[in-house]
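These notes concern the structure reproduced below.
The values are calculated or read from the model by the stated rules, or taken from the named source; none is laboratory data. Source: prediction; values computed, not measured. Reconstructed Cβ throughout: ideal geometry from the backbone, glycine too, with neighbour counts over all protein chains shown. Please note that ligands, DNA and RNA were not included when accessible areas were found on the heavy atoms of the full protein model with its side chains. Shrake-Rupley method; radii C 1.70, N 1.55, O 1.52, S 1.80 Å.
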Amino acid sequence: FAARRWKEVCRIGAAISRTLWLSGHIALRYEIGSLVENAAAYSNNISLRARILIDDLGWTAVMLGRKSLGWKHINDGIRLGTDCADHYVVAKGYRHLASLSRQIGDYDKAASYLEEAQKAAVSITDVEERIEMSAALQVSEAKLHMAHERYSEAIPFLSCAQQAFRQASDIEREVKVYAQLAYCHEKLGDVLEAERLYLAGRDMARDAGR
């Protein structure tokens with residue numbers, strides 16, 4: 001960074017972001033994200049800057065307990081994503097805001113943010129990104145139904161998302177959906193199906209080395 005090699009900072013920082021997240025180095029992810037966001041600004045890479053603001057800074061700040069800062073970063077990322085027409089970034093930003101609103105019990109606001117995310121998602125031109133975001137939003141819709149204790153309504157959303165994650169070989173997310181499906185079935189009194197799903201998810205996670 002000190003050598004002002006902005007493009008290299010952007011490339012390396014973006015490459016290690018998910019590894020830092022999955023390995024639990026949350027604070028370090030935020031620190032490196034700050035460097036990458038500045039480098040992206042210096043190199044006029046608006047799309048990358050928006051993505052970093054939403055994930056590496058915004059969502060990470062929330063996980064570090066700095067919720068107000070996280071909200072600010074995410075909103076800044078949505079603004080930049082809108083400016084450069086990066087619809088994936090915009091959809092992801094609104095999805096994050098929907099999750100945060102749901103977690104504090106503001107379900108109406110969560111639904112409103114999800115609607116904005118859906119509007120952005122339909123304009124995503126990259127096919128893989130559009131499929132990924134569609135599945136992620138289905139999970140978000142399901143979680144909102146679960147928050148309202150509408151478990152039977154959540155299941156179809158989770159099932160569709162699970163199928164999409166399976167086709168994309170996204171084992172990490174597919175495993176999480178198994179647990180969510182199991183929870184819904186347990187709440188509906190279908191203990192056998194809940195047990196089957198819990199075990200299937202556990203076996204998949206074990207086979208994947210998680």
Fill in the blank from the handout: Full extension between R66 and S112 adds, at 0.36 nm per residue less the Cα distance, a length in nm of 14.2 nm
Problem - Whether the range 75-206 is rounded, prolate or oblate, judged on the alpha carbon gyration tensor where a/c under 1.5 counts as rounded - result: oblate
Problem - Table column - 3J(HN,Hα) (Hz), the range 45-60, Karplus curve with 6.51, -1.76, 1.60, x for Gly and Pro - result: 8, 5, 4, 5, 4, 4, 5, 5, 4, 6, 9, 4, 9, x, 5, 5
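Just need the relative contact order of the chain here, percent rounded to a whole number, with Cα pairs under 8 Å and 6+ apart. Please list the in-between numbers first.
On the way: 277 pairs, mean separation 22.2, N = 210.
About 11 percent, as a whole number.
Looking at the range 133-170, which GluC sites (Glu not before Pro) are in a loop (DSSP not H, G, I, E or B) and have at most 13 other Cβ atoms within 10 Å?
Numbers: sites: E141, E149, E153; in loops: E149.
Those satisfying the criteria are E149.
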Practice task
With everything on Cα atoms, drop me the angle between helix 87-103 and the longest principal axis of the chain, reported from 0 to 90° to the nearest 10.
Solution key: 60 degrees
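Carbon and sulfur together cover what percent of the accessible area of the chain at a 1.4 Å probe radius? Don't jump to the answer; show the numbers that get you there.
Values: 5730 of 11290 Å².
Here it works out to 51 percent.
Taking the Cβ of R196 as the centre, find all other residues whose Cβ is under 13 Å away and add up their charges (Lys, Arg: +1; Asp, Glu: -1).
Details: positive: R202; negative: E186, D190, E193, E195, D203.
Residues near R196 contribute -4 overall.
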Fill in the blank from the handout: Note, the range 157-164: 3J(HN,Hα) by Karplus (6.51, -1.76, 1.60, θ = phi - 60°), whole Hz, Gly/Pro = x, goes 5, 5, 5, 5, 5, 4, 4, 5
Practice task
Using Cα positions and a limit of under 16 Å, work out the aspartates and glutamates in reach of K92, with same-chain residues fewer than 8 apart set aside.
Solution key: D55, D56, D76, D83, E115, E116, D126, E128, E129, E132, E141
Fill in the blank from the handout: From the Cα centre of the range 169-210 to that of the range 36-72, the distance in Å is 32 Å
Handout entry: Total charge dipole magnitude, the range 55-210, about the Cα centre, Cβ charges on Lys, Arg, Asp, Glu only, Debye to nearest 20
Key = 400 debye
Completion exercise
Whole-Hz Karplus couplings 3J(HN,Hα) for the range 167-177, θ = phi - 60° and coefficients 6.51, -1.76, 1.60, Gly and Pro as x, run 5, 8, 6, 8, 5, 4, 6, 4, 4, 4, 5
Problem - Cα-Cα pairs of the range 1-117 separated by more than 24 Å (percent) - result: 23 percent
